[in-house]
Amino acid sequence: MYNDLKGKNVLVTGGSKGIGRAISLGFADEDARVISISRNIPEDTDNRITYYNCDVSNNNDVKNTIENIISEFGSINILVNNAGIEEYASLDKTGEDMWDRIMDTNVKGIYNVSKYCMPVMLKNHSGNIVNVSSVQADIITKNAAAYVTSKHAVIGLTKSIALDYAPEIRCNAVLPATIDTPLVRKAAILEVGNNEEKISQKIREWGLQHPMGRIGKPEEVANTVLFLASGQSSFITGASIMVDGGLSIKAPISTPRN
């Protein structure tokens, strides 16, 4: 579908599961050379993908990993900053350790990886960065203060990169709503317990909150990332693209018409 992605070196953070795995497989299907970095290498690896253990929140770990990747592959053409974590608490219930964990992964992780990928992109006068934020950078849920703050920060960082490094590097963000991933399943378990029927019912309830009537699929986010990474989006930079089944345009309650 995207002929210009063939042979490109694509680095995906948090590429071992969920949205990151779907993104990695999507690029592999386009015959790109895909490198996945995450804290854990998945058991069900794909032979089209090269896996590295790396903690994106650790600057030295990222520096060494990126140097090894560039040494092996020569360059990095496309970076997808997908790694992220979510924990739930209102601000007064958010301990400093929780705040730091979320910020270190969701924001500092993008800073770390982008910082060490940019020199080779600038040297080649070409690069593309896609950051995975969240619909919660626009509309938010209760009791997620640190996560919501981190995903707002991703939008600011995306715009800063886009402005500071144009025209050599384009940088955009995707903002998924509820997507069928292990994170969503974990959230359902926190609400209803580890009961399959109740988990499925809770996920169906969340899906019905979206105008499309369901939660999204990881592949649907991946499709948007591939578009932004391809030449078909060549005049798009600094943008935030909703992949949310219409959730962000829906009023929270019914209101009377004038």
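The values are calculated or read from the model by the stated rules, or taken from the named source; none is laboratory data. Since we're looking at a predicted model, the values are computed, not measured. For neighbour counting, all protein chains shown are included, and Cβ atoms are generated from backbone atoms with ideal geometry for every residue, glycine included.
Things worth noting here:
- Taken over region 220-252, the criterion of being farther than 24 Å from residue 24 by Cβ and surrounded by fewer than 17 Cβ atoms within 10 Å (Cβ to Cβ) is satisfied by 235, 238, 246, 248, 249, 250, 251, 252.
- Residue, nearest to residue 19 (Cα to Cα), within region 69-94, restricted to residues that are at pLDDT 95 or above and acidic (Asp, Glu): 72
Let's see how each residue does on (1) surrounded by fewer than 16 Cβ atoms within 10 Å (Cβ to Cβ); (2) at pLDDT below 95; (3) of a type in the set (S, T, N, Q); (4) within 13 Å of the chain's Cα centre (by Cα):
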position: 124; (1), (2), (3), (4): yes, no, yes, no
position: 131; (1), (2), (3), (4): no, no, yes, yes
position: 146; (1), (2), (3), (4): no, no, no, no
position: 184; (1), (2), (3), (4): no, yes, no, no
position: 191; (1), (2), (3), (4): yes, yes, no, no
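- Count - residues of region 4-38 that are in a strand (DSSP E or B), surrounded by fewer than 24 Cβ atoms within 10 Å (Cβ to Cβ) and either in contact with a Cys (Cβ under 9 Å, 6 or more places away or on another chain) or not polar (S, T, N, Q) (or both): 2
- Of the residues making up region 165-182, those that are β-branched (Val, Ile, Thr) and either out of contact with any Lys or Arg (no Cβ under 8 Å at 6 or more places or on another chain) or surrounded by fewer than 21 Cβ atoms within 10 Å (Cβ to Cβ) (or both) are 169, 174, 178.
- Beta carbons closer than 6 Å, at least 6 apart along the sequence or on distinct chains, pair a first residue in region 175-186 that is within 15 Å of residue 224 (Cβ to Cβ) with a second that is polar (S, T, N, Q) and buried (at least 19 other Cβ atoms within 10 Å of the Cβ) for 175/133; 175/134.
- Scoring residue 44 on the criteria (1) out of contact with any strand residue (DSSP E or B) (no Cβ under 8 Å at 6 or more places or on another chain); (2) closer than 26 Å to residue 102 by Cα leaves a single failure, condition (2).
- Residue satisfying condition, being in contact (Cβ under 8 Å) with a residue 24 or more places away in the chain and assigned to a loop (DSSP other than H, G, I, E, B), within set 76, 70, 66: 76
- Candidates 202, 217: the one that is in contact with an Asp or Glu (Cβ under 7 Å, 6 or more places away or on another chain) and farther than 29 Å from residue 30 by Cα is 202.
- Looking across 139, 110, 155, one residue alone is under 23 Å from residue 67 (Cβ atoms), touching a residue at least 12 places away in the same chain (Cβ under 8 Å) and not aromatic (Phe, Trp, Tyr). It is 110.
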